[in-house]
Amino acid sequence: MLISAEHISKKYALKSILDDISFSIEEHDKIALVGINGTGKTTLLKILSGKETFDGNIIRKKDLRVAMLEQDPSLADEATILQEVIASGKESADYEAKSILTRLGMKDLDQRCKTLSGGQRKRVALAKALLMPCDLLILDEPTNHLDVQMIDWLEQYLQRCTCAVFMVTHDRYFMERICRRMFELSQGKLYTYEANYSTYIEAKEKRIALQRSQEAKRQQFLKKELEWVRAGVQARTTKSRSRLERFEKLSEQNVEEVQEKIELSFQQTRLGKKTIACEQIGKRYGERQLFSQFSYLFKRHDRIGIIGENGCGKTTFLKILSNEIQPDEGSMIYGETIRIAYFHQGHEEMDPQQRVIDYIKKEQDEIHTGEEVLNASQMLERFLFDRSMQCLPIKFLSGGEKRRLYLLKVLMKAPNVLLLDEPTNDLDITTLTILEDYLDSFPGILVTVSHDRYFLDRICDSLFIFENGSIMHRVGGYSANQDHLFVQTQTAVKKEIVKKTMVPKMSSKEKQELNNMEETVDRLEQAITEIDAQMSMITDFKQLDQLSKQREELQQELEKKMERWMELSERKEQIDALIKR
């Protein structure tokens with residue numbers, strides 16, 4: 001066992017974030033933590049990493065090594081990318097650091113960290129966390145700012161790694177393929193499931209149904225007891241007093257709301273026959289041609305996803321569509337009825353001192369849903385901002401809550417063209433599910449940049465694929481075009497890795513080591529299994545302690561061999577690609 005946490009509690013001001021939760025993390029666990037924004041997911045990660053105070057007790061394995069990717073990582077400004085990553089890594093990590101950084105799209109490894117964008121900083125911090133030797137790897141939104149090829153590579157990397165992984169992520173395909181345990185935070189309570197994501201969804205529905213049934217029985221019982229109390233029965237006997245005390249205790253019970261729900265209902269502006277037309281448009285960034293000679297006439301119910309490598313011009317294209325910037329060549333034509341709402345990356349600049357309700361009132365005091373008129377306070381309640389939160393300054397909101405607040409502001413514009421730039425970043429799964437349902441019924445044009453493969457499959461019926469300075473239109477979502485995407489990018493990625501890391505030929509000793517590695521790993525795993533069997537049959541403390549030390553030494557050796565195996569396998573793969581080229 002790596003960590004045993006008992007009766008953990010945490011409060012911010014008067015709000016209880018974690019309420020007497022207990023759990024454990026075992027060796028090799030792959031755990032995902034889910035919950036609505038603001039429920040304390042990041043707080044729990046910081047507690048586990050030792051960066052946040054708490055009430056309760058945590059027992060950690062002796063000499064436990066923890067590596068963490070934070071949501072907003074800090075880097076040494078004057079260090080180069082390569083220096084920053086190698087600084088906290090294992091010895092002789094130069095080759096592996098270059099390989100991981102290249103996989104994550106970092107091209108100039110001598111670039112100073114102070115010049116990096118937010119997305120680049122997150123990717124450097126991810127490489128740093130992956131390279132650090134550890135027993136427990138903690139990841140806060142690891143797929144943010146990664147393109148689909150990077151996410152696919154990270155999936156495979158985490159599936160192979162031998163350390164325990166504890167992550168917060170909104171990427172449902174990512175969780176499904178990596179995690180075998182699910183933790184859910186809801187109103188301060190922690191629910192654990194021995195399941196992957198899809199099985200967890202089924203188990204959660206059963207839990208909610210059971211809670212509803214129990215609450216219905218409680219309410220029925222209270223109704224009968226209330227009638228008895230109102231009848232004026234005097235509490236003369238011990239039986240009567242006991243019955244009154246039981247009634248009072250049940251009445252005071254705090255009942256968990258079994259399902260938080262966001263309601264999306266907005267009036268849309270009518271979209272005429274004339275929509276948006278791109279006529280031979282192109283855009284450059286310095287000397288680089290992002291795209292050129294692109295033409296497309298948007299249909300009234302288009303659902304288009306935009307994918308491509310980071311820096312290829314996806315956000316620039318959205319800005320051209322929104323009329324924020326102009327193309328360098330060609331022209332844009334807009335119909336008279338076009339009304340665009342643009343959901344940017346991040347959550348725009350917000351005044352940290354401004355109250356939540358004032359932020360929404362500044363956009364609109366009331367909105368028409370088509371069925372009713374709602375004021376700002378009512379709309380906020382539908383977006384899970386209760387009346388106590390509405391009066392708080394924005395600075396007290398979590399990153400995900402700010403993102404949700406910004407989403408509400410954008411949707412209140414009653415658009416008929418909706419542009420979404422990485423809408424899944426930092427939004428919880430509950431919000432994403434409701435947003436997806438809303439987009440199903442959205443009557444206008446939807447264009448979204450996203451690296452969330454589930455979201456692309458769920459929402460989009462065609463893709464704009466950015467590659468090699470051009471935009472290609474293909475029918476279908478991510479999965480329908482996955483083979484094409486893989487073929488187009490795999491060769492280029494491998495060539496870039498070979499070029500950057502300058503991999504030499506494998507020596508005969510390395511080839512022999514790689515050939516024998518599977519047998520070596522099997523032998524170590526068998527030895528660990530035999531020790532486990534012995535420990536289960538022994539009660540003598542000295543023998544148990546001795547066997548435990550032997551097991552720990554074998555486990556450390558196994559981890560080193562697995563890392564070496566992965567390093568040699570990647571080197572062989574890259575050399576093979578170099579030979580083919």
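The values are calculated or read from the model by the stated rules, or taken from the named source; none is laboratory data. Nothing here was measured: the structure is a model prediction, and the numbers come from that model. Cβ: placed from backbone, ideal geometry, glycine included. Neighbour counts: every protein chain shown. Each accessible area value is taken on the protein alone, full model and side chains, heavy atoms only, with ligands, DNA and RNA left out. Shrake-Rupley method; radii C 1.70, N 1.55, O 1.52, S 1.80 Å.
Look through D29, D55, D63 and report the one residue that is closer than 18 Å to M182 by Cα, open to solvent by 20 Å² or more (accessible area, probe 1.4 Å) and among the acidic types (D, E).
Numbers: D55 fails: closer than 18 Å to M182 by Cα; D63 fails: closer than 18 Å to M182 by Cα.
None of the other options fit; the residue is D29.
Within the stretch 381-390, which residues are of a type outside the set (G, A, S) and either open to solvent by 10 Å² or more (accessible area, probe 1.4 Å) or farther than 26 Å from L44 by Cβ (or both)? Give the derivation first.
We begin by selecting, within the stretch 381-390, every residue of a type outside the set (G, A, S); these are 381-387, 389-390.
Answer for the stretch 381-390, where residues must be of a type outside the set (G, A, S) and either open to solvent by 10 Å² or more (accessible area, probe 1.4 Å) or farther than 26 Å from L44 by Cβ (or both): E381, R382, L384, D386, R387, M389.
Do you know which residues across the stretch 431-463 are over 14 Å from T143 (Cα atoms), open to solvent by 10 Å² or more (accessible area, probe 1.4 Å) and either part of a helix (DSSP H, G or I) or touching a Pro at 6+ places or on another chain (Cβ under 7 Å) (or both)?
Within the stretch 431-463, T433, I434, D437, Y438, D440, S441, D457, R458, I459 meet the criteria.
Only residues that are among the aliphatic types (A, V, I, L, M) and under 18 Å from the mean Cα position of the chain (by Cα): list them for the stretch 32-47, please.
Within the stretch 32-47, the first condition is being among the aliphatic types (A, V, I, L, M), and the residues that meet it are 32-34, 36, 44-45, 47.
Passing the criteria: A32, L33, V34, I36, L44, L45.
Wholly within the stretch 280-365, which strands (runs of 3 or more DSSP E) include no fewer than the required count, namely at least 1 residues that are under 30 Å from the mean Cα position of the chain (by Cα) and basic (K, R)?
303-308
Identify all residues within the stretch 105-126 that are buried (at least 21 other Cβ atoms within 10 Å of the Cβ) and outside any helix (DSSP H, G or I); write none if there are none.
M106
Determine whether the stretch 147-168 contains at least one residue that is open to solvent by 40 Å² or more (accessible area, probe 1.4 Å) and either aromatic (F, W, Y) or farther than 28 Å from R564 by Cβ (or both).
no
Go through the residues of the stretch 323-336 one by one and say whether even a single one is touching a residue at least 60 places away in the same chain (Cβ under 8 Å) and open to solvent by less than 40 Å² (accessible area, probe 1.4 Å).
Yes, the stretch 323-336 contains at least one residue that is touching a residue at least 60 places away in the same chain (Cβ under 8 Å) and open to solvent by less than 40 Å² (accessible area, probe 1.4 Å).
Which condition breaks for D428 when tested against (1) within 23 Å of H344 (Cβ to Cβ); (2) at pLDDT below 85; (3) open to solvent by 60 Å² or more (accessible area, probe 1.4 Å)?
Of (1) within 23 Å of H344 (Cβ to Cβ); (2) at pLDDT below 85; (3) open to solvent by 60 Å² or more (accessible area, probe 1.4 Å), only one is false for D428: (3).
Just one of P415, P393 is out of contact with any Cys (no Cβ under 6 Å at 6 or more places or on another chain), more than 26 Å from N144 (Cα to Cα) and either of a type in the set (D, E) or surrounded by fewer than 16 Cβ atoms within 10 Å (Cβ to Cβ) (or both); which is it?
On the way: P415 fails: either of a type in the set (D, E) or surrounded by fewer than 16 Cβ atoms within 10 Å (Cβ to Cβ) (or both).
Just a single option satisfies the conditions, and that option is P393.
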